[in-house]
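Next up is a structure, given as structure tokens.
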Amino acid sequence: MTNAIETCGLVKTFGETRALGGLELTVREGSVYGLLGPNGAGKTTTIRILATLLAPDEGTATVAGLDVVRQADAVRRKVGLTGQYASVDEDLTGTENLILVGRLLGLSWASARRRAAELLDAFGLSEAAGRQVRTYSGGMRRRIDIAASLVTVPEILFLDEPTTGLDPRGRNQVWDLVRRIAAEGTTVLLTTQYLDEADRLAERLAVIDHGRVIAEGTSRELKASVGANAVHIRLADANQSDAARTTIARVLGDSVLPGSDALVIAARLSSTAQAAEVLAALTQAKVEVAEFSVGTPSLDEVFLALTGKPSESPSAEAER
Amino acid sequence: MTSGTTDAVGDVRGVLATGPTPARPSALSSVITLAWRAMLKIKHVPFQLFDVVVTPIMFTLLFTYIFGGALAGTPREYIQYLLPGVLVQTIVFITVYTGVGLNTDIQKGLYDRFRSLPMWQPSPLLGALLGDVFRYSLAGGIIILIGFMIGFRPGGGFLGVLYALLLILVFSFALSWLWIIVGMLMKTPETVMTMSFVFLMPLTFASDIFVRLETMPGWLQAVVGRNPVTLLARAARGLMHGNLAIWDVWWVLIWSAVITAVAVPVAMRLYYRER
């Protein structure tokens, strides 16, 4: 099987800021691939280079086997892009937006009109077809935006933070959509700050920080690299945080994972039996435990373990 | 058509079958499509035209009736002098919307979509400009109509007025390219708008649109006389009243050519530059 996307040593600098510092990426054809990282990690820059909107300072990138700089025009025929901001015209209606894109892709007026109706119907937007996009809800807007990237079905679809700012229902709809698009054979490269999103959608993911890939693999592999099992403890009282951490460290050694929330402590386990020891030690130390669970580490913890700092809070971002 | 609700994602499987990719559209076809978009925007947001149309009507009426008596004896005599100039001022002023529109599209991310499509890359700029020229013509037509209603009687007849309007459109088209540059350099549409006051106010007021060049002090005459807007206003008056000095037209065309020759390469360079 060939690779849909391959980059080699991508470097991009904006003034003083080094957005990409030698990014290496390989994405197999027909998969959903996630780029995971906090704000400013270089996710959007990567997507913009791959979609021919930016030229890299150094390094090469091929998309569908075509060089993104020398064969930019041929690449544009194979890819679809849905940017971070709704890249549709808010003054135009849903139908008009899709006809516009269809015409610019080379469809006749009649085919563009037919295709627009087809897509609006499939995306559950036919009732809103004649309304200006500015009247759409966030979820509808994102759907028309993704629909615009599918007027001709691309071999590779780039989605830059497709669910940022959506409510949970809108997010579920987009997830559902991405899965179906991928099931039809389109390679999807999506960026996200949401760890659960990457976990649920992407078969493989790359964790990006400061313009470099710091970890790559399936989400299972990434979790395994931090430790197979982890214990998650939620305290009833934040004042007992230090006491709890000391107690756990005494039982488990140096395996407490760094965290940003004083109430929540996660630690690696070498065996599930250790969980009982931790609970017993905490009870003895009179630390009140509100929740106690054993499982695989979350991607959040993976990210923390890899970068040493917490990822952006998705809930704060969603309020934007 | 009524089966889809706005909440549920329908079955997308049927629409995702890969068909043959259509041939790349011709440059002309993509420019026409994007001009169609500009027309749709005028249709959906008619309020945009309000600015374009109401301000010049106000200007025409105010200047004619307030200054007309003092400047030319009677308002009726003054409108003969003023109207071609107000036409120039109106259209020169709304060239800023080229920059504002472009800037808005870039900020909204719409240009990312355009630039990731396999079309002739300058199409969005030219399509938008065609829409702008339509807007200029519309505003010009309204001003001329108001002029007729309050006593403007051009000696050059219908053709004279038409030629004058065409000349103004040529110059404004050239000027629009400067606004494309500004539109790409500025961070927000509001800053683009502010730039118009910095740049267009002196350009249109330091001209002979409102008063004759002879009434100004000598040093100012030297400046105002070389202002391209003065040349354009003079040419427009000459064409409309049938007493044209042909050199005025040539000067306007030369200015337009020079502005275009300088601005287009810069604009295109910025356009291809990565953002």
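A:LEU53: without any contact (Cβ under 8 Å) to a residue 40 or more places away in the chain and either hydroxyl-bearing (Ser, Thr, Tyr) or part of a helix (DSSP H, G or I) (or both), yes or no?
For A:LEU53, the condition - without any contact (Cβ under 8 Å) to a residue 40 or more places away in the chain and either hydroxyl-bearing (Ser, Thr, Tyr) or part of a helix (DSSP H, G or I) (or both) - is not met.
Quick check on the stretch A:173-215: of everything there that is within 14 Å of the chain's Cα centre (by Cα) and without any contact (Cβ under 8 Å) to a residue 40 or more places away in the chain, which residue is nearest to A:GLU301 (Cα to Cα)?
Selected residue: A:ARG200.
Mind checking which strands (runs of 3 or more DSSP E) fall wholly inside the stretch A:1-49 and carry at least 3 residues that are out of contact with any helix residue (DSSP H, G or I) (no Cβ under 8 Å at 6 or more places or on another chain)?
In the stretch A:1-49, the matching strands (runs of 3 or more DSSP E) lie at A:3-14, A:17-28.
May I ask you to list the residues in the stretch A:275-298 that are under 11 Å from A:THR247 (Cα atoms), in contact with a Ser or Thr (Cβ under 9 Å, 6 or more places away or on another chain) and among the β-branched types (Val, Ile, Thr)?
Answer for the stretch A:275-298, where residues must be under 11 Å from A:THR247 (Cα atoms), in contact with a Ser or Thr (Cβ under 9 Å, 6 or more places away or on another chain) and among the β-branched types (Val, Ile, Thr): A:VAL278, A:VAL287.
Any chance the stretch B:112-121 includes a residue that's buried (at least 21 other Cβ atoms within 10 Å of the Cβ), over 17 Å from the mean Cα position of the chain (by Cα), among the aromatic types (Phe, Trp, Tyr) and within 14 Å of chain A (Cβ to nearest Cβ)?
Within the stretch B:112-121, one or more residues are buried (at least 21 other Cβ atoms within 10 Å of the Cβ), over 17 Å from the mean Cα position of the chain (by Cα), among the aromatic types (Phe, Trp, Tyr) and within 14 Å of chain A (Cβ to nearest Cβ).
Next up: Does A:LEU53 qualify as being modelled with pLDDT under 90 and at negative phi?
Taking the combined requirement at face value, the residue satisfies it.
Restrict the check to the stretch A:69-79 and report whether at least one residue is assigned by TED's automatic domain parsing to the domain that holds A:ARG141 and in contact with a helix residue (DSSP H, G or I) (Cβ under 6 Å, 6 or more places away or on another chain).
no
Sticking with this structure for a sec: Determine, yes or no, whether A:THR218 is in the same structural domain as A:VAL27 (by TED's automatic domain parsing), at pLDDT 85 or above and either surrounded by 14 or more Cβ atoms within 10 Å (Cβ to Cβ) or under 25 Å from A:GLY37 (Cβ atoms) (or both).
So A:THR218 fits the description; yes.
Of everything in the stretch A:55-86, what is facing another protein chain (nearest Cβ under 9 Å), in contact with a strand residue (DSSP E or B) (Cβ under 9 Å, 6 or more places away or on another chain) and surrounded by 24 or more Cβ atoms within 10 Å (Cβ to Cβ)? Give them in sequence order.
Answer for the stretch A:55-86, where residues must be facing another protein chain (nearest Cβ under 9 Å), in contact with a strand residue (DSSP E or B) (Cβ under 9 Å, 6 or more places away or on another chain) and surrounded by 24 or more Cβ atoms within 10 Å (Cβ to Cβ): A:VAL75, A:VAL79, A:GLY80, A:LEU81, A:THR82, A:GLY83.
Find the residue count for the stretch A:24-45, including only residues that are at pLDDT below 90 and of a type in the set (A, V, I, L, M, F, W, C).
The total comes to 2.
Any residue in the stretch A:294-307 that's under 19 Å from A:GLN274 (Cβ atoms) and in contact (Cβ under 8 Å) with a residue 60 or more places away in the chain: show its pairings with residues that are polar (S, T, N, Q) and outside any helix (DSSP H, G or I) at Cβ separation under 7 Å, as long as the two are six or more apart or on different chains.
A:VAL294/A:ASN229; A:VAL294/A:THR272; A:THR296/A:ASN229
Given the options A:LEU100, A:LEU104, name the one that is closer than 28 Å to A:ALA74 by Cβ, crowded, with 17+ Cβ neighbours inside 10 Å, at pLDDT 95 or above and out of contact with any strand residue (DSSP E or B) (no Cβ under 6 Å at 6 or more places or on another chain).
Going through A:LEU100, A:LEU104 in turn, just one is closer than 28 Å to A:ALA74 by Cβ, crowded, with 17+ Cβ neighbours inside 10 Å, at pLDDT 95 or above and out of contact with any strand residue (DSSP E or B) (no Cβ under 6 Å at 6 or more places or on another chain): A:LEU100.
Identify all residues within the stretch A:118-127 that are under 14 Å from A:ASN97 (Cα atoms) and either surrounded by fewer than 23 Cβ atoms within 10 Å (Cβ to Cβ) or more than 7 Å from chain B (Cβ to nearest Cβ) (or both); write none if there are none.
Scanning the stretch A:118-127 gives A:GLU118, A:LEU120, A:SER126.
Taking A:THR95, is it modelled with pLDDT of 95 or more, farther than 24 Å from B:LEU125 by Cβ and more than 9 Å from chain B (Cβ to nearest Cβ)?
So A:THR95 fits the description; yes.
Can you tell which of B:GLY109, B:GLY131 is surrounded by fewer than 23 Cβ atoms within 10 Å (Cβ to Cβ) and touching a Gly at 6+ places or on another chain (Cβ under 6 Å)?
B:GLY109
With the condition being in contact with a helix residue (DSSP H, G or I) (Cβ under 9 Å, 6 or more places away or on another chain) and over 24 Å from A:THR82 (Cβ atoms), I'd like the strands (runs of 3 or more DSSP E) fully within the stretch A:167-249 carrying at least 2 qualifying residues.
Hits in the stretch A:167-249: A:212-217, A:229-235.
How many of the residues making up the stretch A:33-43 are touching an Asp or Glu at 6+ places or on another chain (Cβ under 6 Å) and surrounded by fewer than 19 Cβ atoms within 10 Å (Cβ to Cβ)?
2
What's the number of the only condition in (1) under 18 Å from the mean Cα position of the chain (by Cα); (2) at negative phi; (3) in contact (Cβ under 8 Å) with a residue 24 or more places away in the chain that A:TYR85 fails to meet?
A:TYR85 satisfies every listed condition except (3).
Same structure, new question: Going through the stretch A:133-166 one residue at a time, which ones are more than 9 Å from chain B (Cβ to nearest Cβ), of a type in the set (A, V, I, L, M, F, W, C) and not in a helix (DSSP H, G or I)?
A:VAL151, A:ILE156, A:LEU157, A:LEU159, A:LEU166
Is it the case that A:ARG115 is of a type outside the set (Gly, Ala, Ser), more than 10 Å from every other protein chain (Cβ to nearest Cβ) and closer than 19 Å to B:LEU16 by Cα?
It is false that A:ARG115 is of a type outside the set (Gly, Ala, Ser), more than 10 Å from every other protein chain (Cβ to nearest Cβ) and closer than 19 Å to B:LEU16 by Cα.
The values are calculated or read from the model by the stated rules, or taken from the named source; none is laboratory data. Given the structure is predicted, the values throughout are model-derived calculations rather than measurements. Because the Cβ atoms are built from the backbone with ideal geometry, glycine has one as well, and the counts that use them run over all protein chains shown.
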